[in-house]
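Asks: Right, I'll just put the structure down here and ask away after.
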Amino acid sequence: MEFTIKKFDLLREVALTQGVVEKKTTIPILANLLMEASGARLNIAATDLDTGIRTSCPAEVKKEGAITTPAKNFLEIVRNLPDAEIKVKKLENNYIQLVCGSSSFKLVGLPRDNFPALPEPAKMLVEVPARVLQTLINRTIFAIAGEESRYTLNGALLLLRPLSVTMVTTDGHRLAHIEKQQNLEHLDSEVRALVPKKALAELQRLFSEARDEEMVSFGKDETHLFFQMGGRLMFSRMLTGQFPNYEAVLPRERHTSILLDREELASAIKRVALMADDKSRAVKLGIEKDRLEITASNADLGEAREEIETHYSAGPFQISFNCHYLLDFLSAIADEKISIEFKDEQSAGQMRPAAEEEFYYRYIVMPMRI
């Protein structure tokens, strides 16, 4: 194998694979990239057996071939090389040589045969705008459970219908739900998929470079999900099991609501949370006529209180939430105004952007008893 490639092209694609590469593994080959030079392109792949990515970039191929190389070290070498063409050559005993200007590196590799077989892409079912999927992920990924024991909560439920796209996540204490009306051509029935959190994080990286009009092709087989954008294909093992009945959690009655400035509320919560209990991280919201009082107390430190003016004319109301849950939502949106809606002090609160927008977004948080 021997080829010449532009540094920027190689660096961009290798950097994209880094989140997939297994960092702590007993299988050394999973810390490697697979590089295959063929025709006029260099094909690059990485996988941790659950998630993987295939990508490619133009290259001047002198001799076709394949090898695997340590992903992290290869990236650092390429990143620090001069901004010039890089000559890459496979040597004896699976060494790989990189030459750029006056710099030369020899890196230990492993044979291509050691690299695990990658799943073949399924037939693509539908195309979705990359910007839409990116927004869905950004506004829900933080509400995914972190406990491995709650397997079906370790990802997002993706619902594709002929006229809408929906994503739902929950960790049992909160739930994020976002929906967009979208005409999905060639789709005549509902498609449901449980997408693991790591796959969602990799899709965020992939979509960060997407143009406004760029589309993502989505497909699935019995075990894997496939997302293709341009020449890049990301695949993930699908989570199995039954996602909770989220519709039963969505509030149908809201007796109390207040309208607040998002940045003002976020700043106030951050300050008050400095005095929140280390274990519960609870802040209390006390609503009275035309004002919201936010308080927190810690037996070892003291207490904090902030007041925000707001239009409210119903009776006094108090409810407590985990401060991190509130701040996650406030960080995920850019809207100036948000609405917080309540039924009573024991029921879940609902937060949403106050203005009607193209995405219908709701965030449900269970209250804390303190």
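The values are calculated or read from the model by the stated rules, or taken from the named source; none is laboratory data. Bear in mind the structure is a predicted one, so any value in this text is a computation, not a measurement. Neighbour counts are summed over all protein chains in view; Cβ atoms, including those assigned to glycine, are modelled from backbone coordinates with ideal geometry. Side chains are part of the model used for accessible areas, which takes the heavy atoms of the whole protein and leaves out ligands, DNA and RNA. Shrake-Rupley method; radii C 1.70, N 1.55, O 1.52, S 1.80 Å.
Asks: Can you name the residue in the stretch 223-248 that is among the aliphatic types (A, V, I, L, M) and buried (at least 16 other Cβ atoms within 10 Å of the Cβ) and is also nearest to the chain's Cα centre (by Cα) among such residues?
Replies: 234
Asks: What is the number of the single condition among (1) modelled with pLDDT of 95 or more; (2) closer than 24 Å to residue 18 by Cβ; (3) open to solvent by 30 Å² or more (accessible area, probe 1.4 Å) that residue 121 does not meet?
Replies: Going through the list (1) modelled with pLDDT of 95 or more; (2) closer than 24 Å to residue 18 by Cβ; (3) open to solvent by 30 Å² or more (accessible area, probe 1.4 Å), residue 121 breaks only (1).
Asks: Output the residues belonging to the stretch 124-161 that are surrounded by fewer than 23 Cβ atoms within 10 Å (Cβ to Cβ), among the β-branched types (Val, Ile, Thr) and more than 19 Å from residue 226 (Cβ to Cβ).
Replies: 135, 141, 144, 152
Asks: Any residue at all in the stretch 266-277 that's open to solvent by 50 Å² or more (accessible area, probe 1.4 Å), modelled with pLDDT under 95 and out of contact with any His (no Cβ under 9 Å at 6 or more places or on another chain)?
Replies: Yes, some residue in the stretch 266-277 is open to solvent by 50 Å² or more (accessible area, probe 1.4 Å), modelled with pLDDT under 95 and out of contact with any His (no Cβ under 9 Å at 6 or more places or on another chain).
Asks: Give me the pairs, please: first residue somewhere in the stretch 1-24 and in contact (Cβ under 8 Å) with a residue 12 or more places away in the chain, second residue anywhere and surrounded by 20 or more Cβ atoms within 10 Å (Cβ to Cβ) and aromatic (Phe, Trp, Tyr), beta-carbon distance under 9 Å, and either six or more positions apart or on two chains.
Replies: Within 9 Å, the pairs are 14/74.
Asks: Here's another thing I want to ask about it. Quick check, is residue 63 more than 25 Å from the chain's Cα centre (by Cα), over 28 Å from residue 197 (Cβ atoms), crowded, with 19+ Cβ neighbours inside 10 Å and of a type in the set (Lys, Arg)?
Replies: Considered against the rule, which asks whether it is more than 25 Å from the chain's Cα centre (by Cα), over 28 Å from residue 197 (Cβ atoms), crowded, with 19+ Cβ neighbours inside 10 Å and of a type in the set (Lys, Arg), residue 63 comes out as no.
Asks: Okay, next question. Can you tell me which residues in the stretch 73-88 are part of a strand (DSSP E or B) and surrounded by fewer than 18 Cβ atoms within 10 Å (Cβ to Cβ)?
Replies: Listed by number, the residues that qualify are 85, 87.
Asks: Then there's this: For the stretch 40-60, which positions are open to solvent by 50 Å² or more (accessible area, probe 1.4 Å), of a type outside the set (S, T, N, Q) and free of Cβ contacts under 8 Å to residues at least 40 places away in the same chain?
Replies: Result: 40, 41.
Asks: What residue, of 26, 55, is under 30 Å from residue 195 (Cβ atoms) and touching a helix residue (DSSP H, G or I) at 6+ places or on another chain (Cβ under 7 Å)?
Replies: Of the residues listed, the single one that is under 30 Å from residue 195 (Cβ atoms) and touching a helix residue (DSSP H, G or I) at 6+ places or on another chain (Cβ under 7 Å) is 55.
Asks: Within the stretch 162-173, track down each residue that is open to solvent by 20 Å² or more (accessible area, probe 1.4 Å) and either at pLDDT below 95 or in contact with a helix residue (DSSP H, G or I) (Cβ under 7 Å, 6 or more places away or on another chain) (or both).
Replies: 172, 173
Asks: Name the single residue that is surrounded by the most Cβ atoms within 10 Å (Cβ to Cβ) among those in the stretch 278-303 being aliphatic (A, V, I, L, M) and over 21 Å from residue 345 (Cα atoms).
Replies: Among those that are aliphatic (A, V, I, L, M) and over 21 Å from residue 345 (Cα atoms), it is 301.
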